[in-house]
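The next block holds one structure in the form of structure tokens; read it before the comments.
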């Protein structure tokens with residue numbers, strides 16, 4: 001998956017937006033090029049689209065996170081600078097151990113979006129057509 005396709009995928013979801021909230025003067029962990037993809041103000045993906053290898057932090061169900069990390073130990077690891085129980089860092093492409101299949105990356109991004117939407121108030125979910 002290319003950076004352009006990852007960006008397009010994240011923006012394809014209802015109310016999906018890209019923001020660049022990290023300022024080099026206030027953040028020592030992220031650079032200003034870090035894209036944060038949100039739905040109604042809540043983050044569902046975090047990535048530096050210019051980095052190689054291309055990686056993304058994605059929200060994940062804790063049980064699924066453990067299973068995915070065991071199945072892909074070199075490509076899916078606990079979320080870097082995130083809550084390790086609920087976030088994974090996924091090597092999308094160009095890693096020394098290879099890359100995940102595009103289909104799996106799409107599923108993981110969609111699952112992340114769905115988890116964030118599920119935590120929104122009911123009225124917000126209804127506006128997104130996701131009761």
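Taking the chain as a Gaussian network, where each spring joins two C-alpha atoms under 10 Å apart, which residue of 91, 34, 47 fluctuates the most? Fluctuation is largest for 34. Which of the three applies to region 77-131, rounded, prolate or oblate, going by the alpha-carbon gyration tensor with a ≥ b ≥ c and a/c under 1.5 meaning rounded? Because a/c hits 1.5 or more and a/b fails to exceed b/c, region 77-131 counts as oblate.
Note on residue 84 and residue 42: the model spin-label points, each 7 Å out from Cα along the C-beta direction, lie 2.5 nm apart.
A simple spin-label model places the labels of residue 70 and residue 15 3.5 nm from each other, with each point 7 Å out along Cα-to-Cβ. In the elastic network of the chain, a GNM with C-alpha springs shorter than 10 Å, the most mobile of 63, 102, 74 is 63.
With helices as the sole contributors, the chain gives -9500 deg cm²/dmol at 222 nm; each DSSP H run of n ≥ 4 counts as -39500 (n - 2.57), and the sum is divided by every residue.
Relative contact order for the chain: what percent, with Cα pairs under 8 Å and sequence separation of 6 or more? Please report the intermediate quantities before stating the final value.
Details: 214 pairs, mean separation 27.7, N = 131.
For the chain, the relative contact order is 21 percent.
Can you pull the percent of Cα pairs in the chain with separation above 25 Å? That fraction is 22 percent.
Read-outs throughout are calculated quantities, based only on the coordinates presented, and are distinct from any laboratory measurement. Fair warning: this is a prediction, and the values are worked out from it, not measured in the lab. We place every Cβ from the backbone using ideal geometry, glycine too, and count neighbours over all the protein chains shown.
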